[in-house]
Amino acid sequence: MSVEKQLIEHAKQGKLLTHKCTDCGHLHLSTAYYCLKCGSKGFEDVILEGTGSVATFTIITVAPAGFEKYTPYAFVILQLDNTHLRISGFMGGITTPADLPVGTRAKITGFDDRGIVIEKQ
Amino acid sequence: MTLVEKVCVLGAGSTKYGKLPDSIADITTQASVSAIESAGINPKDIKASYISNVFGVADKQVHLGPVLMSRLGIPDKPSLTIESACGSGSVSFREAYVNVAAGFYDCLVVTGVEKVTHTGTEWTTTYFAYCSDFFYEGQAGASFPGLFASMARAYLTEFDATEEDFARVAVKNHENGLLNPKAHIQKKITIDDVMNSPVVASPLKLYDCCPFSDGASSVILCSEKFAKENGGDYIEVIGSGRGGSAAALQGREHLTTIPSTKIAAEAAYKMAGITPKDVDFAEVHDCFTIAEIIDTEDLGFFEKGKGVEAVREGRTRLNSDISINPSGGLKSKGHPIGATGVGQIVEVFDQLTGNAGERTVKDAKIGLTHNFGATGASCAIHIFQSV
């Protein structure tokens, strides 16, 4: 299974598949093929719960094709718990910035035609 | 690194930017011919072409190079097309620069072009999102305004800045664009106009965003020997740098800085033997108001978090401390994405050869161009000096 498909299968379960470098221990999203720090190719799978806090976000009102029916919606960058990693994704049900202060707790909950789906916890 | 040849820009020309009725092949040729005439050369002097374009498919013409060369009467000369999203123009210029500097060619044409306005806002919003790291960003509904809005939200959170401050960038660039007859949007606007314009992706509003534009820009690049023998005005390329950043915003250490700009700037300043203080004016990649603020910090004109203060104090206006985007920038001049990086060099050529009219930066000797692709995943910077 391709790295993208593996990541998708985990996201559908509300999890995030990551890759830990077997040489230096640096953690990456699982689409990495070589270590960012040491260039090594050996990784072990680490499955995260996909929880974190909102690092930044936007509420999109002019949407790309396929997303018109969801507007307004948020595109969120989530700072994952206990790691330097961030993950971005789609969050529905957000209409004003007051609905989603930076730092709001959130979690990956799925993957569908909206890409990685993140919901408030 | 030893360069065989000093490299000069000998001529420059652009179509008007905006909604253009002519085909992509037509406007590519129009801009190239105006650069050829500006340089005072014949097409037979050109040894090869570098074309920058992203969405030629939208106007039913890819492989633009041979079409241009055929129309110029030099179909036997080689050409290639380069795509690097919104940074295509500067990267194309860089490749041409390298070839002249290395002594492979003594005279080249670099032409950037885009023709997309006939496709409408939904098509452009959708296709431009393909320039993101699509698996993580476009696929989750991120538009380009949305990605820069995410940086804007991070900037508002981290620094002492307001949405009105972003609006000041738009007001300033529209002031400059009013003095540029080739600008797409020649309209004076106020902070209130920006604040009251429809939200596209919060906190960015319509007037925080550059327009989708059609347009073509072209420059003639040559060796110093060729320029001297040809006669006429020319400017010298004294610095060239490129850099990269993680394709997706999520992969960057900071959300309020663009690493590729810093990497490219360091290389370009080093090659030119100058510091940011020596730059008289700069054409920077202001696809959104927040981008210009971040750019001016990453380029070293202002400290991190202080770019917004400089805008508030009017220090980036025409003929102030440092004139940023005297052309009107992407915001007012327009953003035909494949042409933009070349168009910035056209502006520097016009400024440094005394052809910038009312928007002339007084006593300017050194100009810088900064152009990036997508959210700054790729970047090229060039520094020019009057001769």
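The values are calculated or read from the model by the stated rules, or taken from the named source; none is laboratory data. Just so you know, these numbers come straight off a predicted model, no measurement behind them. Neighbour counts are summed over all protein chains in view; Cβ atoms, including those assigned to glycine, are modelled from backbone coordinates with ideal geometry.
Check region B:74-81 and report whether any residue there is of a type in the set (Val, Ile, Thr) and within 24 Å of B:THR121 (Cα to Cα). Even if it seems obvious, please write down each step before you answer.
First pass over region B:74-81, keeping only residues of a type in the set (Val, Ile, Thr): B:74, B:81.
When the remaining residues are screened for being within 24 Å of B:THR121 (Cα to Cα), the result is none.
Checking region B:74-81: not a single residue is of a type in the set (Val, Ile, Thr) and within 24 Å of B:THR121 (Cα to Cα).
Mind checking which helices (runs of 4 or more DSSP H) fall wholly inside region B:19-112 and carry at least 2 residues that are farther than 26 Å from B:ILE383 by Cα? Spell out the reasoning first.
Working: elements: B:24-39, B:64-71, B:88-101.
Ranges flagged: B:24-39, B:64-71.
Filter region A:83-102 down to the residues that are within 9 Å of another protein chain (Cβ to nearest Cβ) and farther than 26 Å from A:THR31 by Cβ, then identify the one that is surrounded by the most Cβ atoms within 10 Å (Cβ to Cβ).
The selected residue is A:PRO97.
Only residues that are of a type in the set (Lys, Arg), closer than 14 Å to B:VAL9 by Cα and free of Cβ contacts under 8 Å to residues at least 12 places away in the same chain: list them for region B:224-252, please.
Quick first cut of region B:224-252, residues of a type in the set (Lys, Arg) only: B:225, B:228, B:242, B:252.
Now narrow it down to the ones that are closer than 14 Å to B:VAL9 by Cα: B:225, B:228.
Residue satisfying the conditions is B:LYS228 alone.
Quick one: in region B:357-387, of everything that is of a type outside the set (D, E, K, R) and over 17 Å from the mean Cα position of the chain (by Cα), which residue is farthest from B:ARG317 (Cα to Cα)?
Step one: of region B:357-387, the residues of a type outside the set (D, E, K, R) are B:357, B:360-361, B:364, B:366-387.
Pick out the ones that are also over 17 Å from the mean Cα position of the chain (by Cα) and you get B:357, B:360-361, B:364, B:385-387.
On the way: B:GLY357: 16, B:THR360: 12, B:VAL361: 10, B:ALA364: 14, B:GLN385: 21, B:SER386: 22, B:VAL387: 25 Å.
Looking at residues that are of a type outside the set (D, E, K, R) and over 17 Å from the mean Cα position of the chain (by Cα), I get B:VAL387.
How many residues, within region A:93-114, are in contact with a helix residue (DSSP H, G or I) (Cβ under 6 Å, 6 or more places away or on another chain) and over 25 Å from B:ALA246 (Cα atoms)?
Final tally of qualifying residues: 0.
Give the residues of region A:42-52 that are assigned to a strand (DSSP E or B) and in contact with a Ser or Thr (Cβ under 9 Å, 6 or more places away or on another chain), sorted by residue number. I'd like the intermediate steps shown before the answer.
Taking region A:42-52 and keeping what is assigned to a strand (DSSP E or B), we get A:43-48, A:51-52.
Selection gives A:PHE43, A:GLU44, A:ASP45, A:VAL46, A:ILE47, A:LEU48, A:GLY52.
Yes or no, residue by residue, for (1) β-branched (Val, Ile, Thr); (2) more than 25 Å from B:LEU299 (Cβ to Cβ); (3) surrounded by fewer than 24 Cβ atoms within 10 Å (Cβ to Cβ):
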residue: B:ASP192; (1), (2), (3): no, yes, yes
residue: B:VAL199; (1), (2), (3): yes, yes, yes
residue: B:TYR207; (1), (2), (3): no, no, no
residue: B:ASN230; (1), (2), (3): no, yes, yes
residue: B:ILE238; (1), (2), (3): yes, no, yes
residue: B:LYS262; (1), (2), (3): no, no, yes
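Taking region B:136-176 only, how many residues are aromatic (Phe, Trp, Tyr), crowded, with 21+ Cβ neighbours inside 10 Å and more than 7 Å from every other protein chain (Cβ to nearest Cβ)?
Residues of region B:136-176 aromatic (Phe, Trp, Tyr): B:136, B:144, B:148, B:155, B:159, B:166.
With the extra rule that they be crowded, with 21+ Cβ neighbours inside 10 Å, the set shrinks to B:136, B:144, B:148, B:155, B:166.
Still in the running and more than 7 Å from every other protein chain (Cβ to nearest Cβ): B:144, B:148, B:155, B:166.
So the count comes out to 4.
Are any of the residues in region A:22-35 at positive phi, modelled with pLDDT of 95 or more and of a type outside the set (D, E, K, R)? Write out each step before concluding.
At the first step, the residues of region A:22-35 found to be at positive phi are A:25.
Cutting the leftovers down to modelled with pLDDT of 95 or more gives us A:25.
Among the residues that remain, those that are also of a type outside the set (D, E, K, R) are: A:25.
Yes, some residue in region A:22-35 is at positive phi, modelled with pLDDT of 95 or more and of a type outside the set (D, E, K, R).
What are the residues in region A:69-96 that are aliphatic (A, V, I, L, M) and over 14 Å from the mean Cα position of the chain (by Cα), if any?
From region A:69-96, those aliphatic (A, V, I, L, M) are A:74, A:76-78, A:80, A:85, A:87, A:91, A:94; that's our starting set.
A:ILE94 - this is the single residue of region A:69-96 that is aliphatic (A, V, I, L, M) and over 14 Å from the mean Cα position of the chain (by Cα).
Please determine, by comparing only the residues of region B:125-135 that are at the interface with chain A (Cβ under 7 Å from one of its Cβ atoms) and either assigned to a helix (DSSP H, G or I) or on the phi > 0 side of the Ramachandran plot (or both), which one is surrounded by the most Cβ atoms within 10 Å (Cβ to Cβ).
At the first step, the residues of region B:125-135 found to be at the interface with chain A (Cβ under 7 Å from one of its Cβ atoms) are B:125-126, B:129, B:135.
Checking which are either assigned to a helix (DSSP H, G or I) or on the phi > 0 side of the Ramachandran plot (or both) leaves us with B:125-126, B:129.
Details: B:THR125: 21, B:THR126: 18, B:ALA129: 24.
Per the stated criteria, the residue is B:ALA129.
Could you check region A:44-68 and list, in sequence order, the residues that are surrounded by fewer than 21 Cβ atoms within 10 Å (Cβ to Cβ) and away from chain B (no Cβ under 11 Å)?
Scanning region A:44-68 gives A:GLU44, A:ASP45, A:VAL46, A:ILE47, A:LEU48, A:GLU49, A:THR51, A:SER53.
Do any residues in region B:198-213 that are at the interface with another protein chain (Cβ under 8 Å from one of its Cβ atoms) and in contact (Cβ under 8 Å) with a residue 24 or more places away in the chain have Cβ atoms under 9 Å from those of residues that are part of a helix (DSSP H, G or I) and surrounded by fewer than 24 Cβ atoms within 10 Å (Cβ to Cβ), where the two are at least six apart or on different chains, and which pairs are they?
Qualifying pairs under 9 Å: B:VAL200/B:LEU206; B:SER202/A:PRO97; B:PRO203/A:PRO97; B:PRO203/B:LEU156; B:PRO203/B:GLU163; B:LEU204/B:GLU163.
Quick one: how many residues across region B:310-339 are free of Cβ contacts under 8 Å to residues at least 24 places away in the same chain and of a type in the set (D, E, K, R)?
Going through region B:310-339 one residue at a time, the tally reaches 3.
Using the structure shown, decide if B:ARG252 is surrounded by fewer than 23 Cβ atoms within 10 Å (Cβ to Cβ), under 20 Å from B:PHE384 (Cβ atoms) and either in contact with a Phe, Trp or Tyr (Cβ under 9 Å, 6 or more places away or on another chain) or not aliphatic (A, V, I, L, M) (or both). Walk me through it before giving the result.
Details: surrounded by fewer than 23 Cβ atoms within 10 Å (Cβ to Cβ): yes; under 20 Å from B:PHE384 (Cβ atoms): no; either in contact with a Phe, Trp or Tyr (Cβ under 9 Å, 6 or more places away or on another chain) or not aliphatic (A, V, I, L, M) (or both): yes.
Criteria not met by B:ARG252.
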